[in-house]
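The values are calculated or read from the model by the stated rules, or taken from the named source; none is laboratory data. Just so you know, these numbers come straight off a predicted model, no measurement behind them. In this analysis, Cβ positions are derived from the backbone assuming ideal geometry, glycine residues included, and neighbour counts consider all displayed protein chains. Just the protein is used for accessible areas: all its heavy atoms, side chains included, with ligands, DNA and RNA removed. Shrake-Rupley method; radii C 1.70, N 1.55, O 1.52, S 1.80 Å.
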Amino acid sequence: RMATYERETFVAAPFEDVWEFHSTVAGLDALTPGWMRLRVESVTGPDGESLPEGATLDAGSEIRMSVRPFGVGPRQSWTAVVEERREGEGVAFFRDIARDGPFERWAHSHVFHAEDGGTRIRDRVEYAFPTPAGPLAAALSGPGFDAFFRYRHWKTRSLLESADLTW
């Protein structure tokens, strides 16, 4: 059974800064709560070559990572692939899917709109838990899922609404 989660927030920061921040692995790392114990194993571009730190994650880029929620149990591998990426005047979008990982299905759409001198961010995740659900799925189910995205949106605001853009 597929489930859907959506969260939207306004960031009082320029569209270009918010889009750039979310277009790199540094942004992913900064927005992942510490309790996830994220480790980025490798990042490759659409050509299969390793991407340098700070490079834009274009369509076809692949991020191999592992997580160990709350430091419990073995590390769980997760491979995310940027399936699609589009940018226009005041609007941008990218979608990543899990090629493998702790979810049976995971498709995360990130939408950005310039609005009133800032940026509106919308996350939409379509997902299915495996049977039986592992530790990550359990950690992200119910209130944990909402807490994870609340943290991401709060962290985006706290990093980008300040004058210090050294994420």
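Computed quantities for the displayed model
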quantity: Qualifying residue in the stretch 70-78 (condition: in contact (Cβ under 8 Å) with a residue 12 or more places away in the chain and open to solvent by less than 20 Å² (accessible area, probe 1.4 Å)); calculated: no
quantity: Residue match in the stretch 54-69 (condition: of a type in the set (D, E) and at pLDDT 95 or above); calculated: yes
quantity: A92 modelled with pLDDT of 95 or more and open to solvent by less than 30 Å² (accessible area, probe 1.4 Å); calculated: yes
quantity: Yes/no for V67 being open to solvent by 40 Å² or more (accessible area, probe 1.4 Å) and more than 21 Å from F21 (Cα to Cα); calculated: no
quantity: Residues being touching a residue at least 24 places away in the same chain (Cβ under 8 Å) and within 18 Å of D100 (Cβ to Cβ) - total across the stretch 33-56; calculated: 5
quantity: Filter result for the condition that a residue is closer than 23 Å to V11 by Cα and touching a His at 6+ places or on another chain (Cβ under 9 Å), over A92, A80; calculated: A92
quantity: Matching residues, the stretch 99-125, being modelled with pLDDT of 95 or more and either within 20 Å of R37 (Cβ to Cβ) or of a type in the set (G, A, S) (or both); calculated: A107, H108, S109, A114, G118
quantity: Lone qualifier among E83, E53 - being open to solvent by 20 Å² or more (accessible area, probe 1.4 Å), of a type outside the set (A, V, I, L, M), in contact with a strand residue (DSSP E or B) (Cβ under 7 Å, 6 or more places away or on another chain) and outside any helix (DSSP H, G or I); calculated: E83
quantity: Selection within the stretch 7-47 - outside any helix (DSSP H, G or I), farther than 15 Å from V67 by Cβ and open to solvent by 50 Å² or more (accessible area, probe 1.4 Å); calculated: R7, E8, F10, A12, P14, P46, D47
